[in-house]
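The structure under discussion appears below in the form of structure tokens.
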């Protein structure tokens, strides 16, 4: 298996991508799907899916959603493994999932929107109930 050459913080990202790819490959095998079949069902190219599974490419939230649908697993599982979602975060997964799955706004806009949402949640948690 090819390894990503990284250093420092990039090393952590490389490790996340590799474990994400390994997880997707394992789920694909469990579903008894070939690489080609999953790529077709998820609407991505066979080479691109192969690169994701080998940890060479970082898929967008939209691609993760498509893969989750094809694999019949929760997109949140893939988002957490990709480092998009914090498993310990308080925001509702349904809000995060909706924002991350949105195909209209950019990845940067999604991050900003989720940061603002998380700030509101923290603010509301710090205000005593009346």
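A single member of 64, 49, 17 is touching a helix residue (DSSP H, G or I) at 6+ places or on another chain (Cβ under 9 Å), closer than 23 Å to residue 103 by Cβ, modelled with pLDDT under 85 and in a helix (DSSP H, G or I), and it is 17.
Could you tell me which residue of the range 109-121 is farthest from residue 83 (Cα to Cα), considering only residues that are surrounded by fewer than 12 Cβ atoms within 10 Å (Cβ to Cβ) and at pLDDT below 90? It comes out as 120. Answer with yes or no whether residue 55 is exposed (fewer than 11 other Cβ atoms within 10 Å of the Cβ), part of a loop (DSSP other than H, G, I, E, B) and touching a helix residue (DSSP H, G or I) at 6+ places or on another chain (Cβ under 7 Å). Considered against the rule, which asks whether it is exposed (fewer than 11 other Cβ atoms within 10 Å of the Cβ), part of a loop (DSSP other than H, G, I, E, B) and touching a helix residue (DSSP H, G or I) at 6+ places or on another chain (Cβ under 7 Å), residue 55 comes out as no. Quick one: in the range 71-108, of everything that is more than 27 Å from residue 29 (Cα to Cα) and assigned to a helix (DSSP H, G or I), which residue is modelled with the highest pLDDT? Per the criteria, the residue is 108. Of all residue pairs spaced 6 or more apart or on separate chains, those with beta-carbon atoms under 7 Å, a first member in the range 102-126 that is closer than 20 Å to residue 76 by Cβ and a second member that is loosely packed, with under 13 Cβ neighbours inside 10 Å are 121/90.
Each residue in the range 24-46 was checked for being over 19 Å from residue 77 (Cα atoms) and assigned to a helix (DSSP H, G or I), and 5 of them qualify. None of 61, 68, 39, 82 is surrounded by 14 or more Cβ atoms within 10 Å (Cβ to Cβ), without any contact (Cβ under 8 Å) to a residue 12 or more places away in the chain, under 21 Å from residue 19 (Cβ atoms) and within 13 Å of the chain's Cα centre (by Cα) except 68.
The values are calculated or read from the model by the stated rules, or taken from the named source; none is laboratory data. Just so it is clear, the model here is predicted, and its values are computed rather than measured. Here Cβ is always computed from backbone atoms with ideal geometry, including for glycine, and neighbour counts include all displayed protein chains.
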